[in-house]
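To start, the structure itself, in structure tokens.
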Amino acid sequence: MPSANELDPDNDHWHWLACDLRIWRIERNMTQAALGEMLGVTKSHVSNWESGRENIPMKHAETLDLIWRARGHFARLRRLAEKSHDPGWWSQYTPLEAKASRVSYWALAIVPGLLQTRDYAHALLEDGQIIEDVEATVAARMARQEILERERPPELRVLISEAALEQPVGGAEVMRQQLAHLITLSSRRNVILRAIPRTVGAHIGLDGSFTLLTGERWSAAYMEANTGGRLTHDPTMLEDFVRRFDLIGAEALSASASRSHIARIMEAMQ
């Protein structure tokens, strides 16, 4: 998590927004507590926004524009941040994933990180991405999976395309082990995994993969991209991603049929 002194507003639009929030507040001789009271939130919310740990919701950005007569500055900057790839998304995503009560994946091209075997992750990172320290990155990914072994693990809702299941990442043997791992995981009480067969044809999920994170009183969505990603808490965008997840799910096989389908793919892989 970045601190206020570690923000990089020149290269990160969310950091720019966080810095401007702090600057405008200080110029008006307001404490974080006072600003929180004005917006109907706690001091900790304001602190998290200014440090970049969380992103200020649009409704509060619009309120700031109105009260501070900022002529749309904060709402405009927030929209800009939403549309741009976020180089610092990972530092915000992993803590949310760790405390989420439900994680919902739409996986278009690859198996989601929490469900990957070590060999699959290693092959994916070594051959498919530009990673300086593959071993450290794989170790970090495996460490993230520890949340699945908690006494009360998060619910996993996984929709995965047949293309991701058939792509022999690391070769046939590594992929067979990965598919077997998916079948094993799908038998857990907290996991529902459903496959989207190729026969479905065109559907709304072809736009790209995404992840929905749900906590006790919060929700977030992450959209994948080649050179970065976007993490959002915006209610309107979240509603759209939930709708997309439901529409994709309407095309999926049942959980039991998906296990059988994955088993057939695994058996056919040579």
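The values are calculated or read from the model by the stated rules, or taken from the named source; none is laboratory data. No experiment lies behind these values; they were computed from the predicted model shown. Heads up, the Cβs are rebuilt from the backbone with ideal geometry, glycines too, and the neighbour counts pull from every protein chain shown. The protein model used for the area step is the full one, side chains on, heavy atoms only, and it has no ligands, DNA or RNA in it. Shrake-Rupley method; radii C 1.70, N 1.55, O 1.52, S 1.80 Å.
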- Does residue 232 satisfy the criteria of being more than 15 Å from residue 112 (Cβ to Cβ) and crowded, with 19+ Cβ neighbours inside 10 Å? yes
- Query: Taking the range 129-146 as the region of interest, how many residues are farther than 14 Å from residue 119 by Cα and either open to solvent by less than 20 Å² (accessible area, probe 1.4 Å) or not in a helix (DSSP H, G or I) (or both)?
  - Reply: 5
- Among the listed residues 270, 178, which satisfies the condition of being out of contact with any Leu (no Cβ under 6 Å at 6 or more places or on another chain), closer than 25 Å to residue 119 by Cβ and either surrounded by 12 or more Cβ atoms within 10 Å (Cβ to Cβ) or among the basic types (Lys, Arg) (or both)? 178
- Query: Just to be sure, is residue 29 out of contact with any strand residue (DSSP E or B) (no Cβ under 7 Å at 6 or more places or on another chain) and modelled with pLDDT under 90?
  - Reply: no
- Task: Quick one: which residue in 243, 188, 194 is assigned to a loop (DSSP other than H, G, I, E, B) and of a type in the set (Lys, Arg)?
- Result: 188
- Message: Which of the numbered conditions does residue 211 fail, given that it passes all the others? Conditions: (1) in contact with a helix residue (DSSP H, G or I) (Cβ under 7 Å, 6 or more places away or on another chain); (2) within 16 Å of residue 109 (Cβ to Cβ); (3) among the polar types (S, T, N, Q).
- Response: (1)
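So that you can scan it fast, the table gives a plain yes or no per residue for (1) under 25 Å from residue 52 (Cβ atoms); (2) touching a Gly at 6+ places or on another chain (Cβ under 6 Å); (3) surrounded by 20 or more Cβ atoms within 10 Å (Cβ to Cβ):
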site	(1), (2), (3)
168	no, no, no
173	no, no, no
188	no, no, no
194	no, no, yes
200	no, no, no
207	no, no, no
210	yes, no, yes
218	yes, no, no
